[in-house]
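Colleague: The structure's right below; bear with me while I get my questions together.
All of the numbers you see were taken from the coordinates with simple rules; none came from a lab. In this text the structure is predicted, and so the values were computed from the model without any measurement. Note that we place each Cβ from the backbone using ideal geometry, even for glycine, and neighbour counts take in every protein chain shown.
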Amino acid sequence: MPQPHIAAKTVSVKLDVDTRARVESLAEARHRSAHWVMREAITQYVDREERREAFRLDTIKAWDDYQETGLHATATEVDNWLASWGTENELPAPVCHK
């Protein structure tokens, strides 16, 4: 099946000798090109870091919301709720309160 054309731009990355050798060794073991391994590594890194940044921003928003409203659930309430997951007596999520 033909691959759709993907606009790409060549980027140069300087790697030390040891890292380059590791990439080439892994590429050989995976029956892939070194280019494929590097592209895959960069894609996975960027995906992971974007998720980490989204989590960080969500955390800041949650803290700001808490500071503004004072609404929260205690650790005990959340622990009890989580402990009930998968049991016959599964509890509803705790209600936030002041």
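Colleague: In the set L57, L71, which member is touching a strand residue (DSSP E or B) at 6+ places or on another chain (Cβ under 7 Å) and without any contact (Cβ under 8 Å) to a residue 40 or more places away in the chain?
Modeller: One residue alone meets the criteria, L71.
Colleague: Next question. Would you mind finding the one in R48, R32 that is in a helix (DSSP H, G or I) and of a type outside the set (D, E)?
Modeller: R48
Colleague: Which condition number in (1) surrounded by 10 or more Cβ atoms within 10 Å (Cβ to Cβ); (2) assigned to a loop (DSSP other than H, G, I, E, B); (3) among the β-branched types (V, I, T) is the one that V23 fails?
Modeller: The number of the failed condition is (2).
Colleague: Let me ask you something else. Inside the stretch 1-20, can you point out the residues that are aliphatic (A, V, I, L, M) and assigned to a loop (DSSP other than H, G, I, E, B)?
Modeller: Within the stretch 1-20, M1, I6, A7, A8, V11, V13, L15 qualify.
Colleague: Name every residue in the stretch 56-89 that is loosely packed, with under 10 Cβ neighbours inside 10 Å, part of a loop (DSSP other than H, G, I, E, B) and not aromatic (F, W, Y), in order of residue number.
Modeller: Matches in the stretch 56-89: G86, T87, E88, N89.
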